[in-house]
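Okay, so here's the structure we're looking at.
The values are calculated or read from the model by the stated rules, or taken from the named source; none is laboratory data. All values derive from a computational prediction rather than experimental measurement. Positions of Cβ are generated from backbone atoms using ideal geometry, with glycine treated the same way; all protein chains shown enter the neighbour counts.
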Amino acid sequence: MGALATAVVAGELRKVAVYLDEGTDTALEAIRYAGTTRRPRLDVSKSAVVRLALERLLAQLSHEEVVAAIAARPTDSQASGRKRR
């Protein structure tokens, strides 16, 4: 297992900010809802889903491959970046 999986098993969780688009956030809500409607009921947090996704991503791709995949995505030239307060 990678370092992320080891941290999760050891319980060493840290609070971080993750920015999601509306579609991704809606999908996370749907997953949470699915957990509450199953028997036995399971409280599925957004954080748990993100940890699972990252664990699987890192099991499939190296750090360099993740960077290359992000670099290959088209960028929005109209985006102004993070808004200042």
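For the range 1-21, enumerate the residues that are at pLDDT 90 or above and touching a Leu at 6+ places or on another chain (Cβ under 8 Å). Scanning the range 1-21 gives a single hit, Leu20. Summed over the range 48-78, the residues that are closer than 30 Å to Tyr33 by Cα and among the charged types (D, E, K, R) give a count of 3.
Taking Arg39, is it out of contact with any Leu (no Cβ under 6 Å at 6 or more places or on another chain) and at pLDDT 95 or above?
Answer is no for this residue.
Does Arg51 satisfy the criteria of being assigned to a helix (DSSP H, G or I), at pLDDT below 95 and charged (D, E, K, R)? When the stated conditions are applied, Arg51 passes them.
A quick yes/no check of all residues on (1) part of a helix (DSSP H, G or I); (2) polar (S, T, N, Q); (3) surrounded by 13 or more Cβ atoms within 10 Å (Cβ to Cβ); (4) in contact with a helix residue (DSSP H, G or I) (Cβ under 6 Å, 6 or more places away or on another chain):
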{"position": "Ala17", "(1), (2), (3), (4)": "no, no, no, no"}
{"position": "Glu29", "(1), (2), (3), (4)": "yes, no, no, no"}
{"position": "Pro40", "(1), (2), (3), (4)": "no, no, no, no"}
{"position": "Val44", "(1), (2), (3), (4)": "no, no, yes, yes"}
{"position": "Val66", "(1), (2), (3), (4)": "yes, no, yes, no"}
{"position": "Ala71", "(1), (2), (3), (4)": "yes, no, no, no"}
